[in-house]
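These notes concern the structure reproduced below.
The values are calculated or read from the model by the stated rules, or taken from the named source; none is laboratory data. Quick caveat, the model's predicted, so the values are computed rather than measured. Cβ: placed from backbone, ideal geometry, glycine included. Neighbour counts: every protein chain shown.
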């Protein structure tokens, strides 16, 4: 039986299409037409001799063969990218200090840091998860080499990863529209807190703060317990909570930028490689919101 070599670009397209929920969104992400994406998938189906998708209602879902190929595609892509990163990182050592947002500290960022560490075992990584204003202060003081931070105002050396709308987040929908609106918020200073209060005041909707915390996990627990609603961005919302936009009578909120910032200082070889890996591993929920 002849060997069948799978095309890496096609595997990446399959993963992007599945993660973004369709060929249309995948086409926008990879900069190709929907027909070109479909042709790539058909090419892969022809090569392996099995259909990867089947119709379900008006959409498409993976077949059993599609699920198998998707699982292997993720592993192959990860191994490929790690191999490239390892070759690029030969001879890199030293230390890199990075500050992380709690919103992504359990998903994207640990995966990126793990990949970096496997590729560059001689580099010592010091990672700190903290509140936004603390990370910004430490970055400006030279105590961090890189930081993933929220930016309301432009920072000259910040690279925008995504532009995201702030969202009201609660336990259930439709929201019962309690007044005054009970809020679960970070202690100040926090511009998510400030945005929530400013929006309610502008709409002349009464509110009260029912719960405050310095911990994001504690904040989610308070919302889950029904103590109040809060404001964050949709990619960080736990699966057991819901966004309340457009169906709750709550006012609109501003957008916020997620940025990768070096504080204006030159990057060391180790910091530069970590920056590359962070940008390469941006999840679809964020990469589709890049500006």
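Where helices (runs of 4 or more DSSP H) fall entirely within region 1-73, those with at least 1 residues that are at pLDDT 80 or above and not assigned by TED's automatic domain parsing to the domain that holds residue 282 are at 8-20, 34-48. Residues in region 9-32 that are farther than 21 Å from residue 235 by Cβ and exposed (fewer than 13 other Cβ atoms within 10 Å of the Cβ): 9, 31.
Residue pairs whose Cβ atoms lie under 6 Å apart, sitting 6 or more positions apart in sequence or on different chains, and linking a residue in region 117-146 that is outside the structural domain of residue 98 (by TED's automatic domain parsing) to a partner that is modelled with pLDDT under 95 and surrounded by fewer than 18 Cβ atoms within 10 Å (Cβ to Cβ), do not occur here. For region 251-279, the set of residues classified as surrounded by 14 or more Cβ atoms within 10 Å (Cβ to Cβ) and part of a loop (DSSP other than H, G, I, E, B) consists of 251, 253, 262, 263, 267, 268, listed by residue number. Residue count for region 208-227 satisfying the condition of being surrounded by 14 or more Cβ atoms within 10 Å (Cβ to Cβ), touching a residue at least 12 places away in the same chain (Cβ under 8 Å) and on the phi < 0 side of the Ramachandran plot: 12.
Go over the candidates 234, 248 one by one and state the one that is surrounded by fewer than 18 Cβ atoms within 10 Å (Cβ to Cβ), modelled with pLDDT under 90 and either in the same structural domain as residue 205 (by TED's automatic domain parsing) or closer than 15 Å to residue 184 by Cα (or both). Walk me through how you get there before you give the answer.
Values: 248 fails: surrounded by fewer than 18 Cβ atoms within 10 Å (Cβ to Cβ).
Result: 234 is the single residue among 234, 248 that is surrounded by fewer than 18 Cβ atoms within 10 Å (Cβ to Cβ), modelled with pLDDT under 90 and either in the same structural domain as residue 205 (by TED's automatic domain parsing) or closer than 15 Å to residue 184 by Cα (or both).
Return yes or no: is residue 185 under 30 Å from residue 111 (Cβ atoms), in contact with a strand residue (DSSP E or B) (Cβ under 9 Å, 6 or more places away or on another chain) and without any contact (Cβ under 8 Å) to a residue 60 or more places away in the chain? For residue 185, the condition - under 30 Å from residue 111 (Cβ atoms), in contact with a strand residue (DSSP E or B) (Cβ under 9 Å, 6 or more places away or on another chain) and without any contact (Cβ under 8 Å) to a residue 60 or more places away in the chain - is met. Suppose the filter is part of a loop (DSSP other than H, G, I, E, B), at pLDDT 90 or above and surrounded by 21 or more Cβ atoms within 10 Å (Cβ to Cβ); does residue 144 pass it? So residue 144 passes the test. Within region 196-207, can one find any residue that is buried (at least 16 other Cβ atoms within 10 Å of the Cβ), in contact with a helix residue (DSSP H, G or I) (Cβ under 7 Å, 6 or more places away or on another chain) and either assigned by TED's automatic domain parsing to the domain that holds residue 111 or without any contact (Cβ under 8 Å) to a residue 60 or more places away in the chain (or both)? Yes, that holds for at least one residue.
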